[in-house]
Amino acid sequence: MKIAMTVNGKSVSRDVADNTLLVEYIRDNLRLTGTHVGCDTSQCGACVVHVDGKAMKSCTMLAASAEGAAVTTVEGLAKSKDDLHPMQVAFKENHGLQCGFCTPGMIMTATDMVARYQLEGKTLTEESIRHELEGNICRCTGYHNIVKSIADGASKMTSV
Amino acid sequence: MYETNFHKAATAQEAAALLNASEDGKILAGGQTLIPTMKQRLADPTDVIDLSGAADLRGINISGDQVTIGAMVTHAEVAGHAALAALCPSISQLAANIGDPSVRHRGTIGGSLANNDPAADYPAAVLALNARIRTSLREIAADDYFEGMFTTALEDHEIITAISFTAPTQGGYGKFPNPASRYAMAGVFVAKSADGTVRVAVTGASEDGVHRHGGLEAALSADWSASAVDGVEISSDGLLSDLHGNAEYRANLIKVMTKRALG
């Protein structure tokens, strides 16, 4: 079936099988390989993207369900190679990664969480950052610097 | 994942017709259980009928103390609804602690109730709040709806359209989440209605899925306080024993979670 959506601001359309996952559509059909697959069980969050502005696990929805949606992947955050998103800068400056495999999902979850907290006028504490990261696994267990990065990124973010 | 035929329904009625016409179709609500199950090849539906485009299944309606939540309302929407939080904070708090943020953006109340996972949170709320489950065919009382692990009163081609309940005068939810899955190892929802009736529903702990607890209901009817729970005997008969905790441990958790639910 033909599935069309907007990915990182560009209209895309591909002919794929009905059982294609959104993450497969993004990685295999669009060749945007920044979004990762780190498990088979919907637990790790490496595949998190924004669908119509909300963080979702692209491995746990069908591409067909995202027909017509606006999807943002980690590739869509930076304006250019030299003009990274504040959250990307924060991860770089705070060394918010070890092997880096979970980083795309961490950053997409982080930008979603900061945007939600800012919208609701709530303060993002270390405790709330850790609670919000329940769906993202860093198998290197490098959470300490990830949490620091998100707190730093939050202070620099004015919008996603 | 096995091959399947995808359909997107614009209304609940259209979804019911598509489901009827399919050989072995499955309704896709938020998909936070169905998609992982299909990925593991533990489910093999010939057709998947997606409700995400069905506008008639969306929206939270509040009229006085009457609450109606559309089947396709997500956990994040329930958690973030200001008027609902003011009227019935217990259900907002419950929704805010289901799974993780990504799951809450996609998972729905209707999907959770149709699946009736024995460790899911919403079944406890729906049973304790004495809610009514509206479907494409009829309305089902919560007491008649839950029929044990992953089993409900829903017919093969019946679709949940909304959940409605009267807001309790007092209520709360205590949950001990499994640290890895965030599912309840024991979750207790307590609710007291305007006429003084107390209902207590337990999820996560029993081999038969969500159930009411007569002993706790009697104790809290007499005295709505955490100290009233102390004298209640919680039997471990029929409770789950697994690698996360045995039946005796879960029986104790029920007591502790009831106290937490009472604040």
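The values are calculated or read from the model by the stated rules, or taken from the named source; none is laboratory data. In this text the structure is predicted, and so the values were computed from the model without any measurement. Quick reminder, even Gly has a Cβ in these numbers, built from the backbone with ideal geometry, and neighbours come from all protein chains shown.
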Response to the item:
Taking region B:1-50 and keeping residues assigned to a loop (DSSP other than H, G, I, E, B), closer than 14 Å to A:Ala64 by Cβ and in contact (Cβ under 8 Å) with a residue 60 or more places away in the chain leaves B:Gly31
Fill in: Residue list for region B:1-53, filter: over 18 Å from B:Ile109 (Cβ atoms) and among the polar types (S, T, N, Q)
B:Thr4, B:Asn5, B:Thr11, B:Gln13, B:Asn20, B:Ser22, B:Thr37, B:Gln40, B:Thr46
Worksheet item: Any chance region A:114-130 includes a residue that's under 30 Å from A:Ala4 (Cα atoms), outside any loop (DSSP other than H, G, I, E, B), in contact (Cβ under 8 Å) with a residue 12 or more places away in the chain and of a type in the set (S, T, N, Q)?
Response: no
Worksheet, complete the sentence: B:Ala153 meets each of (1) without any contact (Cβ under 8 Å) to a residue 24 or more places away in the chain; (2) small (Gly, Ala, Ser); (3) at positive phi with one exception, condition (3)
Practice prompt. Say whether the condition of being hydroxyl-bearing (Ser, Thr, Tyr), away from chain B (no Cβ under 13 Å) and farther than 30 Å from B:Phe6 by Cα is met by at least one residue in region A:131-143.
Written response: yes
Worksheet item: In this structure, is A:Val114 modelled with pLDDT under 95, surrounded by 16 or more Cβ atoms within 10 Å (Cβ to Cβ), under 26 Å from A:Arg27 (Cβ atoms) and within 16 Å of the chain's Cα centre (by Cα)?
Response: no
Worksheet item: What residue, among those in region B:212-231 that are closer than 19 Å to B:Gly187 by Cβ and free of Cβ contacts under 8 Å to residues at least 24 places away in the same chain, is surrounded by the most Cβ atoms within 10 Å (Cβ to Cβ)?
Response: B:Ala219
Worksheet item: Are there any pairs with C-beta distances below 8 angstrom linking a residue in region A:52-74 that is acidic (Asp, Glu) to a residue that is part of a loop (DSSP other than H, G, I, E, B), with the two at least 6 apart or on different chains, and if so which?
Response: A:Asp52/A:Ala69
Worksheet item: Is it true that some residue in region B:76-84 is over 20 Å from the mean Cα position of the chain (by Cα), within 13 Å of another protein chain (Cβ to nearest Cβ) and closer than 19 Å to B:Asp117 by Cα?
Response: no
